[in-house]
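Nothing in this text is a laboratory measurement; each read-out follows from the coordinates by a stated rule. All of these numbers come straight from a predicted model, not from anything done at the bench. Ideal geometry is used to build each Cβ from the backbone, glycine not excepted, and the neighbour counts take in all protein chains shown.
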Amino acid sequence: MVERHTEIEETTLGQIISRDYRKSRVLTRFGVDFSCGGGQTLDQALGGHTKELQDVLQEWQQIDGAAPERKMDFLGWDMAFLANYIIQLHHRFVGTQTRFVTELAFKVANSNSTRHPDMKAVADIFAAAGGKLELKGKQEEKELFPYIMALEEARSNGGALQAASFGSVSVPITAVKSEGEQIVAALKQIRSLTKNYVPPAYTTSTCPILYKLLEAYEEDALLHLHLENNILFPKAIQTEQSLWSKGQIIQTEFN
């Protein structure tokens with residue numbers, strides 16, 4: 001039996017997963033949202049269920065004892081570099097994959113409507129969630145990410161920065177985090193409907209392909225949102241507060 005440790009009980013999921021992303025796979029199987037719910041402790045996320053807590057800790061202990069994987073040092077990157085990484089890798093992935101997977105999902109649903117009517121629900125849920133994730137990325141690239149990059153430049157060179165028209169950076173962050181929570185909930189629903197992406201018997205040959213694409217999309221989305229909510233956004237809020245205290249952010253009459 002794995003003992004409960006004070007460090008685990010007091011450390012947030014976002015902090016734990018940021019140090020070792022392999023542990024996120026365990027949380028996904030237990031239905032725990034670490035990407036948008038990273039501010040919770042493991043105990044809080046599991047609702048105090050001791051058995052599940054012990055099971056997760058046991059699997060995490062095995063991960064700690066395994067050989068480390070080569071990984072990106074997301075925690076060590078500055079905000080501008082991380083924001084650009086999210087845009088180039090994750091936003092572009094969403095932009096290229098969403099329409100393709102949506103079209104395939106509806107084709108599979110139509111081809112298997114008699115035996116597996118739930119596939120239509122999968123297609124509908126994915127179309128809505130994918131569209132929302134794509135729009136979220138476009139909104140971030142318009143104002144929020146450029147401002148975060150400007151925060152990083154002001155922090156690194158000590159220069160002045162004009163206050164954003166939206167006020168505190170926490171305002172748009174709160175909005176996009178709320179959208180992210182809805183997206184994660186939808187992807188979790190798809191995982192449930194597809195029984196963890198296991199294609200049912202007697203389906204067309206394209207169904208296994210769709211399920212692999214859906215699983216890959218969820219995996220990318222969870223990492224994408226984790227990088228934003230648990231690493232980039234907290235740094236942006238902290239940096240903005242620091243710059244305000246140092247008088248580096250200039251408030252004008254137009255703000």
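Things to note:
- Spatially proximal lysines relative to K246 (Cα-Cα < 22 Å; intrachain offsets below 8 disregarded): K235
- Gyration tensor (alpha-carbon) shape descriptor, the range 74-250, a/c threshold 1.5: prolate
- Förster radius 35 Å - calculated FRET efficiency between D78 and A185 (Cβ-Cβ, nearest 0.05): 0.65
- Efficiency of FRET from Cβ geometry, K120 and K195, R₀ 22 Å, rounded to 0.05: 0.85
- Partner lysines for K120 [C-alpha distance under 19 Å; skip if fewer than 8 residues away on the same chain]: K107, K132, K188, K195, K212
- Distance from the Cα centroid of the range 98-119 to that of the range 187-241 is 18 Å (rounded to whole angstrom).
- For Q162, the residues 5 or more places off, or on other chains, whose built amide H falls under 5 Å of its own are I250.
- Relative to the Cα centre, the charge distribution of the chain, modelled as +1 at Lys and Arg Cβ and -1 at Asp and Glu Cβ, gives a dipole magnitude of about 780 debye.
- Inter-site label distance for Q58 and E141 at 7 Å from Cα along Cβ, in nm: 4.6
- Using the Cβ-Cβ distance between A67 and Q241 with R0 set to 51 Å, the FRET efficiency from 1/(1 + (r/R0)^6) comes to roughly 0.85.
- Using the Karplus relation 6.51 cos²θ - 1.76 cosθ + 1.60 with θ = phi - 60°, the per-residue 3J(HN,Hα) values for the range 24-38 come to 5, 5, 5, 4, 4, 5, 8, x, 9, 8, 9, 6, 9, x, x Hz, with x marking Gly and Pro.
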